[in-house]
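**Q** One structure is given below, represented as structure tokens, and several questions about it will come after.
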Amino acid sequence: MLIMLRYVVVTIGILTIALTLLPFIPSNEWWIRIWDFPRLQLASLQAAVLIAMPLVMRLRSLNVAAFAGVLFLAMGWQLARIAPYTPYYRVEAEAVSSCREGPPFSLLVINVLAGNENAGPVIDLVRRSDPDILLLVETDDWWHRHLEPLNALYRHVISQPQNNGYGMHLFSRLELVEPRIRFLVEDQVPSIKTGLRLPSGKVIDFYGLHPKPPPLQDTAERDAELLIVGREVRDEMASAIVAGDLNDVAWSKTSHLFQEISGLLDPRIGRGPYATFNANWPLLRWPLDHVFFEDAFQLLEIAVLEDVGSDHFPFMVSLCHSAARDSAIAPRPEPSQIEAAEEAIEEGLEESQDSDSRRAARRSRRELDPSDETASRSVLERRISAKQRLQPWPDPQKGKIGLLEERADRGPAGNQAQGAQDRYGTPHGGKGGSP
């Protein structure tokens, strides 16, 4: 019996060490990247093995001591990766007890679960929590019909029901300014970009995302979509919020790179993991649903809400917006981070093009609705559009006027910031300088 226990302890220890090392491999293969997720669970298993070792093994053995040392280092690495997402770490997003400028607004993100045909808990939760902005993902035609009661609560709605698990609905009490459904990387995976007019009249940018997860496919396309949006956030002049089921944990390399590229803050840092998936597995839960925002916003509340019959818990934040902080410029990414982001975007676009080619080989023709401007754009055009956004990084020392002049000098593509100002009918303020 003791020998059997010894083998079990050693096997678990070796396996957890191997799974700790696996994400160091520079690969987008899903079976490698998926081990970014269960860091807390792996660290817990490693701690259990270390506790069990004195009971089943002789610690005086040099091999056993070496094994324990490697196991301890692996556990330390796992804990170091998740340490920022505990209350013992310095917070990244400032918290306030009340808004100094204007009323607060709340945002609720819910993955309703494709195939779930019980809308009652979702609608009841929305009525009770009363968010100003509601983002629902995995909505299909059935959900589109059964979300009809919410139209009485929200004046502004974007609907993109899809029966492939990637539909989206956005409900808002705040005015939507030029809302758009976009297909940034994959032609069957939509995202939302819209302006939101705050009660103060200020317009901010909102991005709603739900890229494909591992293990349904490798992570290149997911990473590319996140980083394309991150690059766009920094290049735009408006303050921004990025929200959705990103199908990636907060502590992954891609999430960290996304934050560095976009300059956005994660309200989980210094507070807790706020795990939202999987609602059905109490011992295997990770933070997959996110709300990132800029320094112009302060956190009033953050919460994971009750189960609504999905495999995700709803995730809600309440925010304040400070016009005085709109002029802040996030630190410039390191050249190595810029290079890594551009390489990831290129790789994701190429991988998506290969996937499109494989799908095209299985079907003779794909008919698009010519009246749908978004749908009628070819995959190649979307690839080109994404690549054109990879422009030189603005100098954070120049301020807003310098940025506008610099982009004007670059020609039509460089007039993006001024165009945004004219388009929204009110100066964005944004990341370049004072409003």
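The values are calculated or read from the model by the stated rules, or taken from the named source; none is laboratory data. All figures in this text were calculated on a predicted structure; none of them were measured in a lab. A quick note on method: Cβ atoms are made from the backbone with ideal geometry, for glycine too, and the neighbour counts reach across all protein chains shown. Note: areas computed on protein heavy atoms with side chains; ligands, DNA, RNA excluded. Shrake-Rupley method; radii C 1.70, N 1.55, O 1.52, S 1.80 Å.
**Q** Can you pull the percent of the range 171-210's accessible area that's carbon plus sulfur, 1.4 Å probe, other chains left in place? Each step should come with its number before you reach the end.
**A** Working: 510 of 960 Å².
For the range 171-210, the apolar C and S fraction of the accessible surface comes to 53 percent.
**Q** Between Ser159 and Ile25, what is the spin-label point distance in nm, taking each point 7 Å from the Cα along the Cα→C-beta axis?
**A** 4.5
**Q** OK, next. Can you give the net charge of the other residues whose Cβ lies under 11 Å from the Cβ of Phe171, counting K and R as +1 and D and E as -1?
**A** Values: positive: Arg155, Arg173; negative: Asp132.
Every neighbour counted, the sum reads +1.
**Q** How many nm separate the modelled label positions at Glu94 and Ala66, each set 7 Å beyond the Cα in the direction of the Cβ?
**A** 5.3
**Q** What is the distance in Å between the Cα centroid of the range 297-315 and that of the range 215-282?
**A** Going from one Cα centre to the other spans 16 Å.
**Q** Right, here's the next one. What list of ³J(HN,Hα) values in whole Hz, one per residue of the range 120-128 in order, does the Karplus curve 6.51 cos²θ - 1.76 cosθ + 1.60 (θ = phi - 60°) give from phi, with Gly and Pro shown as x?
**A** Once θ is set to phi - 60°, the couplings for the range 120-128 become x, x, 5, 5, 4, 5, 4, 5, 6 Hz.
**Q** With label points built 7 Å along Cα→Cβ from the Cα atoms of Gln353 and Ser129, find their separation and express it in nm.
**A** Once both label points are built, they end up 4.0 nm from each other.
**Q** Which order do the peptides 276-289, 15-28 take when ranked by the mean count of other beta-carbon atoms within 10 Å per residue, highest first?
**A** Working: 276-289: 17.9, 15-28: 15.5.
Output ranking for 276-289, 15-28: 276-289, 15-28.
**Q** Per 0.36 nm of contour for each residue apart, how much would the distance between Glu101 and Leu216 grow if the chain were fully extended, relative to their Cα-Cα spacing? Before the final figure, lay out each step's value.
**A** On the way: separation 115, 0.36 × 115 = 41.40 nm, distance 4.40 nm.
The Glu101-Leu216 span can extend by a further 37.0 nm.
**Q** So, one more: Within the accessible area of the range 84-164, what % is carbon and sulfur when the probe is 1.4 Å and the other protein chains stay in place? Before the final figure, lay out the partial values.
**A** Values: 1940 of 4140 Å².
In the range 84-164, the share of accessible area belonging to carbon and sulfur is 47 percent.
**Q** Given a 1.4 angstrom probe, what's the average accessible area per residue across the range 128-194, in square angstrom? Don't skip to the end; give the middle numbers.
**A** Values: 2490 Å² over 67 residues.
With the other protein chains kept in place, the range 128-194 gives 37 Å² per residue.
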